[in-house]
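Take a look at the structure set out below.
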Amino acid sequence: MEKAAGSPSVGGSYPQKNAEILSSQYGINLFLAGLLLTFAWAVHAVGISKSHLLSYLITLMLIQLLWMLWYLCRSCTQRRLIRDKDTHAGARWLKCGITLFAVITLILDSFKIGYYIDFSNCLSPTEGIFPVTHAVHTILQVYFLWCHAKDVIQSFKTLERFGVIHSVFTNLLLWTNGVLTESKHQLNEHKERLITLGFGNITIVLDDHAPQCNCTTTTLCSVFSQGIYYLYPFNIEYHILASTMLYVLWKNIGRKVEHHQQHKTPFKFHGITVGMIFGLIVLTSTIAIVVVYLIQIGRSKIKSELALTMFYLHAIFVLALMCTAGIVALLIYRLEDRSLDNSKNPARKLDAELLVGTAAGSWLLSWGSILAIICAQAHPKYTWYNLPYSVLVIIEKYIQNLFIIESIHREQEKVNDDIKTLRIVTISRGSTLSLTPSYKEIYNGRAARDDGEVPCLFKGSICRRENDGGGAKEETSQENSLVVHSASDFSFYSSSSVTNSKRRILKNIAAFLFLCNLSLWIPPAFGCRPEYDNGLEEIVFGFEPWIIVVNLAMPFSIFYRMHSAASLFEVNCKT
């Protein structure tokens, strides 16, 4: 009987598992085909033009648009049905972040439309259709994520798996296209800087994809072409965030959700003043360093070397502070005895995997720089600063990953109902009775109400009763004021005070690291990349091999900082 009863559920799981495998393989093949098209366009393969790549991307976006419209229409018709929700997925702050990036992406699309209009005589029509389709795709996708990122889909599961995974890999391809376009622009600037630094023995050929015709309005063309590359970092972050949110939605299809109360964790500035102040100092100084770096690099050999030295010294100082803050946070965790939440959570698992996976990009670049410094025959003075910088990058990410992953797995602290209530009663001759609120009442945000009756306290305490109807009174008086307390109450009050101090320190550390990660996201995202500019790695590994390594690893390094900032924001809310 048990076997017969269990067989339907077991048999029913096979089609869903097969659908998961088939949809994942469909998405991977979709991505690989687009990746090869992108690579072929990048290396000027015969018979492959940019219009072929854009046509492929437009087709993928149109298919996703059709699926999202079908899902939204079906959701409207079933609005009255109660649906399961994953409360851990699609946090409000994450939706606000992706909305901000989406708005800037729409500005980027408008710049591309303007650029196409100015060069319409020699550009393919697909270069005008692509930004329009992408703008519509962006608007509908953000709306879809706001409304349905928390959904746990239980109907049409096989079809929905293919639709969601199609959306995941479409965003990954759009991310890849943005990364490649932005990297080619940075690479051209990098080649020009190497000439200034005196690396004339490196063969430098500029990779130019500029239109072969004149612009109708020169000023606007300059604004559009330059503005596009400053907006690409936001477009890149938008697509990678969208793909991660959609991946969590895909993992949640058919999942059985445990229904439990979700504790709201709003972000509050109270108690994190110190961390915010130090973080804002780092953020301001980083912006100043990036501005000076971009102005000075490539002007002359001396100015370029000074810019690199300035960057390394600032980065070393910031990374050392971040390592110290992370170590302090981990030491506080070691002093606490709190259990970890090991329940199934796709969003949390993905966060941890992305932290470690994307950190590997930075570690690859750092080890390459360390090896280049060891093996190089000649060492310009500024290259020696690269050694402590690279070592600290490895250590800082290692410590920060430990802190974030442990933080998101720690169970939230709850109030123990068995704890005795702390009350301090002061009774003076001829004075009124004063009763302080209990700790539990203070925690819940409400004070004890004075309704004319004071409850009896602990055993052996003083109890004062008044009976208005009978007029009889029972009083106990003493010569001096008395404070009645229990030793266990004060030990609890002391321990809670220590706990609050630890929490305050952890919140300040999380706020500081949040702003530091935003600060360290800015330099590589906006073209401040010493891995390109110091020239030592190109001599040791060769120009082309090292550039390939940098172009592959840098996008993951940039994403790591933004993802770490998002995770630390969540840690700050949860602590």
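Quote the FRET efficiency, to the nearest 0.05, computed for Q226 versus F156 with a Förster distance R0 of 41 Å and r equal to the Cβ-Cβ distance.
Given R0 = 41 Å and the Cβ-Cβ separation, E is 0.30.
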Binned at 10 Å from 0, what are the whole-percent values of the Cα-Cα distance distribution for segment 15-257, short to long?
7, 28, 32, 20, 10, 3, 0, 0
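How high is the relative contact order of segment 15-257, in percent, with contacts defined as C-alpha pairs under 8 Å that are six or more residues apart? Please list the in-between numbers first.
Details: 244 pairs, mean separation 85.3, N = 243.
Computed over segment 15-257, the figure is 35 percent.
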Pairs of lysines in segment 15-257 (C-alpha under 20 Å apart; 8 or more residues apart or interchain):
17
Pairwise label distance in nanometres, T99 with C122, each label 7 Å out on the Cα-Cβ vector:
4.3 nm
Quick check: net charge around V179, other residues with Cβ under 14 Å of its Cβ, Lys/Arg +1 and Asp/Glu -1?
0
If you roll a 1.4 Å probe over the heavy atoms of the protein chains, what accessible area per residue do you get for segment 15-257, in Å²?
46 Å²
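Rounded to a whole number, what % of the accessible area of segment 15-257 do carbon and sulfur atoms account for, probe 1.4 Å? Walk me through the numbers before you get to the answer.
On the way: 7510 of 11280 Å².
Taking all protein chains in place, segment 15-257 shows 67 percent carbon and sulfur surface.
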Per the rule of 0.36 nm per residue minus the C-alpha distance, extending K502 to K184 adds in nm 109.8 nm
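With Kirkwood's inverse mean 1/r over C-alpha pairs for Rh, give me the Rg to Rh ratio of segment 64-168, two decimals please.
Values: Rg = 16.8 Å, Rh = 15.7 Å.
Reported Rg/Rh, Kirkwood definition of Rh: 1.07.
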Whose amide H sits under 5 Å from the amide H of R410, counting only residues 5 or more places off or on another chain, with H placed in the peptide plane?
D341
Extension gain L340-R255, at 0.36 nm per residue separation less the Cα-Cα distance, in nm?
28.4 nm
Determine ³J(HN,Hα), in whole Hz, for all residues of segment 552-560 in sequence, where each value follows from phi through the Karplus function 6.51 cos²θ - 1.76 cosθ + 1.60 and θ = phi - 60°; x replaces Gly and Pro.
7, 8, 4, x, 5, 5, 5, 5, 4
Would you give the gap between the C-alpha center of segment 275-351 and the C-alpha center of segment 547-575, rounded to a whole Å?
11 Å
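The values are calculated or read from the model by the stated rules, or taken from the named source; none is laboratory data. What you see is a predicted model, and the numbers here were worked out from it, not measured in a lab. As a convention, Cβ positions derive from the backbone with ideal geometry for all residues, glycine included, and neighbour counts pool all protein chains shown. Surface areas here come from the heavy atoms of the whole protein model, side chains and all, with no ligands, DNA or RNA. Shrake-Rupley method; radii C 1.70, N 1.55, O 1.52, S 1.80 Å.
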